[in-house]
Structures are given as C-alpha cells and as structure tokens.
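No lab work stands behind these numbers, since they all come straight from the coordinates. Just so you know, these numbers come straight off a predicted model, no measurement behind them. Don't worry about glycine lacking a Cβ; one is built from the backbone with ideal geometry, like all the others, and counts go over all protein chains shown.
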Amino acid sequence: MIRFALAFAVCAGAADAQSVKLRSDEIGFLLTGNTAVGVWNGENYRQYFGADGSTIYAQDGSRSALGEWRVEGEEYQSRWPGDADWEGWFVMEYAGIWFWVSKSTPPTPFEVLEGEQLVAQ
C-alpha cells in the first residue's frame, strides 16, 4: 500500500514539479504503522508511528523515547514525556521525497519504511 502511495506521489511530483502539502488523511495514511527514517539535527533517527497514537523515536547512540502522535488540522503533531504542549509539522512531498516542514526549522527530508523498522537491517 505504501509503495502505491509513494509511486503516486512520485508521478504527481514529477508531472507538476512543485511541492505538495499533505492533507490530514494523507498524513495519517503515510505514517500510521510505518517508520520514518532520516537525519535530525545531524543525527540519524528512526521513528515508528503506532495506530494507537504512540510513537517511538530511536536515535543512533541514544535511548529510545516513547511519545504520542496525532494529526490535527493539516499537521503531524507529537508530544514527548515532559512536554506540556503538542509540537506540529507539515508533511510535504517534492519530487518523490517527503519533508517535515515548520516555521522554525528548514524542510527536513525523510523516507518511509513499511511497518515497524526501528533497527536498521
């Protein structure tokens, strides 16, 4: 399923050559039950998004963190232990690449792997 969504996004991105901000239902479909892989603040990470709203963030050389995630409006949002508020990002696609986007951080690319893949193969 995720491969179909990714293939569709790649074709749409290539045809239009413009960035596309995902809608709430698209964000949920992309992330639920899958793992995002990328680099955050110079460190490799993997983050799994459970269907129950739990999320696990694993960074090389650090302890994993268990938090919560949701889609609110057109944003992916997460909250971690000790956080009072939810923090949100838009999810965008450009030329077949996914990006986390916020007002305070530059667009940060990531890829999506099917299922829970917190440990690199």
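Once amide H atoms are placed 1.01 Å from N in the peptide plane, what residues at a sequence separation of 5 or more from residue 44, or on another chain, have their amide H within under 5 Å of its amide H? For residue 44, the qualifying residues are 60. Sorted into 10 angstrom bins from 0, the C-alpha pair distances of the chain split as 13, 46, 34, 6, 0 percent. For residue 22, the shell of other residues with beta-carbons less than 11 Å away shows a net charge of -3, using +1 for Lys and Arg and -1 for Asp and Glu. Close amide-amide hydrogen proximity is noted between residue 33 and 49, 50, 51, each under 5 Å apart and 5 or more residues distant or on a separate chain (H modeled in the peptide plane; Pro and chain starts excluded). Against the main long axis of the alpha-carbon atoms of the chain, helix 2-16 sits at an angle near 50°.
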